[in-house]
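Inspection log for the structure reproduced underneath, given as structure tokens.
The values are calculated or read from the model by the stated rules, or taken from the named source; none is laboratory data. These numbers were taken from a predicted model, which means no experiment stands behind them. Methodologically, a virtual Cβ is constructed for each residue, glycine included, from the backbone with ideal geometry; neighbour enumeration extends over all protein chains shown. These accessible areas exclude ligands, DNA and RNA; they are computed on the full protein's heavy atoms, side chains included. Shrake-Rupley method; radii C 1.70, N 1.55, O 1.52, S 1.80 Å.
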Amino acid sequence: MGFGIRAATPADAVGIAGVWAAAMPHLVKTARGIEAELRKTTTRVVLVAVEDDEVVGYGNVFRPSPDEVAPRVRITVHVPPAHRRRGIGSALADRVTAVATDAGAHSLLVVVADEDASKEFAIHRGYEIGRQMSHSCAELSAVPEPPPVPDDLRLVDFTALEPRRLWEANVAVAGDDPSGLSHISPYDEWLTHDWDHPDVRLDLSIALLAGEEVVSFVTTTADPDRRVIWSNLTGTVPAYRGRGLAKVVKAAALTRSREAGFERAFTGNDAGNAPMLAVNEWLGYRLTAAAWTAEKVL
């Protein structure tokens, strides 16, 4: 019996988590978190390829805002290695492209693995390979002690924050991500889908405050079953850059994660983001995998 493609439902969460684990095992994508995303999302279209009730592929489209001009739309297509070369990825890619086109996309942006087959799959479909991404891992047992907090700033975890302050800091830094992959939703959507996401650990996410302004931060997602964390976004607002604040918040987050019983930390970066890569090297991260952005103009 062949596979079919349909819209994902919350009941597919365990299967989708399995696809992510097989295709990108360094990410934190729990079934609980995926189920919440599927129940809440209003800005994404999620598709699954299913064969005999097993999820054998996953596709995702981030819908652009209606007022965006020539929108660049993020998409995702994943097929576990055991189910590749059967046409599942091609079928998902065609459906995802059709959904994005109907939504008004001007171009599509996707991340492909640093392997010949994945890059050839994208190139064959008209994508141009762009920026290299790095994925790294740190053993939390070896993370150095955090640097001291500057006297004019205050270190807190996210449980002490007013969410809008963090959202404002996210907006201030997202546009400087050279990969183009960081996108911050309008506040109400961000509050529902990001701040309240089950995989986000507010107690392991760290910010530095100047008064009540968030000037540097790192958001931590966690998978307690695997004892791993993922640093989802680390940033410092422009006026406070050059002071080593990213090192302070990230070291504090990793230390607290170790104390909470987690064992390994993963992160991803644009390979050209030298300042953040230097912070990660100091923290003990070592390269484990790579990927590439790829873009197609429709």
Exercise. Return the Cα extents of the chain along principal axes one, two and three, sorted largest first, each rounded to a whole Å.
Key: 63, 41, 34
Quiz item: Where nothing but the Cβ of Lys and Arg (+1) and of Asp and Glu (-1) is charged, how large is the charge dipole of the chain around its Cα centre, in debye to the nearest 20?
Solution: 400 debye
Quiz item: Out of residues 5 or more away from G130 or on other chains, whose amide H comes under 5 Å of its own, with H placed 1.01 Å from N in the peptide plane?
Solution: T293, A294, E295
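Over the chain, with every protein chain in place, what whole percent of the accessible area is carbon and sulfur at 1.4 Å, could you tell me?
Working: 7060 of 14030 Å².
Ligands and nucleic acids excluded, carbon and sulfur reach 50 percent.
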Quiz item: For the chain, what is the calculated [θ] at 222 nm in deg cm²/dmol (nearest 500), taking -39500 (n - 2.57) for each run of four or more DSSP H residues and dividing by its residue count?
Solution: -8500 deg cm²/dmol
Quiz item: For the range 124-202, rounded, prolate or oblate, judged on the Cα gyration tensor with a ≥ b ≥ c (square roots of eigenvalues), a/c < 1.5 rounded, else prolate if a/b > b/c?
Solution: oblate
Practice problem: Work out how much length D52 to R226 would gain on full extension: take 0.36 nm times their residue separation and subtract the Cα-Cα distance, in nm to one decimal. | Solution: 59.9 nm
Practice problem: Have a look at R74, R84, R256 and tell me which one the Gaussian network model of the chain (Cα, springs below 10 Å) gives the largest fluctuation. | Solution: R84
Exercise. Could you check how many percent of all C-alpha pairs in the range 22-77 are farther apart than 14 Å?
Key: 67 percent
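For the range 73-226, what relative contact order do you get, as a whole percent, if you take Cα pairs closer than 8 Å and at least 6 residues apart?
On the way: 119 pairs, mean separation 28.8, N = 154.
That works out to 19 percent.
Report, in cubic angstrom per residue, the convex hull volume of the C-alpha atoms of the range 130-279.
Numbers: hull volume 16.7 nm³, N = 150.
Dividing the Cα hull volume of the range 130-279 by its residues yields 111 Å³.
Given Cα pairs under 8 Å that are at least 6 residues apart, what percent is the relative contact order of the range 1-153?
Working: 204 pairs, mean separation 29.0, N = 153.
Averaging sequence separation for qualifying contacts and normalising by length gives 19 percent for the range 1-153.
Which whole-number percent gives the relative contact order of the chain, counting Cα pairs below 8 Å spaced six or more residues apart? Don't skip to the answer; put the middle values down first.
On the way: 581 pairs, mean separation 68.7, N = 298.
Result for the chain is 23 percent.
May I ask you to give the solvent-accessible area per residue for the chain, in square angstrom, as obtained with a 1.4 angstrom probe? Display every interim value, and only then the final one.
Values: 14030 Å² over 298 residues.
Per-residue accessible area for the chain comes out at 47 Å².
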